[in-house]
Amino acid sequence: MSVLVFIEISEGIVKKTSLEAVSYASGIDSAVTAIAFGQADEAALQSAGAAGATKILHVSDAKYNEGNIQAYASAIAKAAANESADTVVLANSSLGDPVAARLAIKMNASLASQVVELPDTSNGFTVKRSIYTGKAFAHVDLTEGKRVIGIKKNAASIKEDGGTATIEAFTPDDQAGDFKVKILSQEKATGDVLLPEAEIVVSGGRGLKGPENWGMIEDLAKTLGAATACSKPVSDMDWRPHHEHVGQTGIKVAPSLYIAVGISGAIQHLAGVNASKVIVVINKDEEAPFFKAADYGIVGDAFEVVPKLTEALKAINS
């Protein structure tokens, strides 16, 4: 079978989740074609080659920098037809999810999201999906001849030995500026480390007692090169901006390391962070539900533990 991967680019860099999608696709077929939109140099695109892509179609038209879902879906559908691809793989993300839905309609394809393992093709095409915010799994048969698969964050390891891909310019039939939906302006979150792409996240909850105490969270995050986040009650009380809220109704994150400070671990919060590879919980309440989901836990007062942890890390870094 032929596989096409939609890879997302941010600030000229291929996103980590897209590299995971490429490596996943290379487990389905050794010849993987990727399609990328926006400004990126050859060195950045070749990161997809190292992850397993053998060919990269690059749509460099600046009109495709805006994240127009209609434009992306139309271009990917054309590329899939040109490449005779019966399977399209992409990362589950704020952009990938709506693109996948529209693309499945255009291709008359089966759609599966939050996929966590390579498909079983011994008797058809069956994928394993994470459901109920990670509390269960479902095995789903994709019965259509074409398939669109969304990969859950951290579900696939990134290859680094895939080699060099050929890069070809690609021009879709439809022009992004011709679609009915037009993006008039964009406001992007700023900061040293953006939360959705962060490898390490330090998050605080009501246990910090007030916004005036957030300095120790920021100090720990800076020491680790991490992004900062918070629980929903904290953002609701305006202690922290809403774009830092992680959880079921906020941003869903999947870092390599998630440190929760003074957060009890309500089910809604866990739903947004349970894809993290390692979870560390710091809480003085030893009965806090978060400890059941943690890989490591420290029972103690955050106002004593966090400064000592930060100082120890600074000593190691120096």
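The residue list 35, 28, 76, 9 contains one member that is of a type in the set (Val, Ile, Thr) and closer than 22 Å to residue 186 by Cα, which is 9. For the range 164-191, the set of residues classified as open to solvent by 40 Å² or more (accessible area, probe 1.4 Å) and either at pLDDT 85 or above or of a type in the set (Val, Ile, Thr) (or both) consists of 164, 166, 167, 168, 169, 171, 181, 183, 190, listed by residue number.
Rundown of residues vs (1) under 30 Å from residue 156 (Cβ atoms); (2) touching a residue at least 40 places away in the same chain (Cβ under 8 Å); (3) of a type outside the set (A, V, I, L, M, F, W, C); (4) open to solvent by 70 Å² or more (accessible area, probe 1.4 Å), yes/no style:
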residue	(1), (2), (3), (4)
221	yes, no, no, no
235	no, no, yes, no
249	yes, no, yes, yes
259	yes, yes, no, no
264	no, yes, yes, no
271	yes, yes, no, no
283	no, yes, yes, no
300	no, no, yes, no
318	no, no, yes, yes
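For the range 33-44, the count of residues that are surrounded by 23 or more Cβ atoms within 10 Å (Cβ to Cβ), under 19 Å from residue 99 (Cβ atoms) and of a type in the set (S, T, N, Q) is nonzero. Take residue 138 and decide whether it is at pLDDT 95 or above, open to solvent by less than 50 Å² (accessible area, probe 1.4 Å), assigned to a helix (DSSP H, G or I) and of a type in the set (Gly, Ala, Ser). Considered against the rule, which asks whether it is at pLDDT 95 or above, open to solvent by less than 50 Å² (accessible area, probe 1.4 Å), assigned to a helix (DSSP H, G or I) and of a type in the set (Gly, Ala, Ser), residue 138 comes out as no.
For the range 65-110, filtering for residues that are assigned to a helix (DSSP H, G or I), more than 26 Å from residue 272 (Cα to Cα) and open to solvent by 10 Å² or more (accessible area, probe 1.4 Å) leaves 11. Among the numbered conditions (1) open to solvent by 30 Å² or more (accessible area, probe 1.4 Å); (2) touching a residue at least 24 places away in the same chain (Cβ under 8 Å); (3) under 23 Å from the mean Cα position of the chain (by Cα); (4) closer than 30 Å to residue 71 by Cα, the only one that residue 225 does not meet is (4). The test for being at pLDDT 95 or above, over 22 Å from the mean Cα position of the chain (by Cα) and closer than 22 Å to residue 137 by Cα does not hold for residue 303.
Might you let me know whether the range 111-128 holds any residue that is open to solvent by less than 20 Å² (accessible area, probe 1.4 Å), free of Cβ contacts under 8 Å to residues at least 40 places away in the same chain and either in contact with a Gly (Cβ under 7 Å, 6 or more places away or on another chain) or small (Gly, Ala, Ser) (or both)?
For the range 111-128, residues open to solvent by less than 20 Å² (accessible area, probe 1.4 Å), free of Cβ contacts under 8 Å to residues at least 40 places away in the same chain and either in contact with a Gly (Cβ under 7 Å, 6 or more places away or on another chain) or small (Gly, Ala, Ser) (or both): present.
The values are calculated or read from the model by the stated rules, or taken from the named source; none is laboratory data. Here the structure is a predicted model, which means the values were calculated and not measured. Neighbour counts are summed over all protein chains in view; Cβ atoms, including those assigned to glycine, are modelled from backbone coordinates with ideal geometry. The protein model used for the area step is the full one, side chains on, heavy atoms only, and it has no ligands, DNA or RNA in it. Shrake-Rupley method; radii C 1.70, N 1.55, O 1.52, S 1.80 Å.
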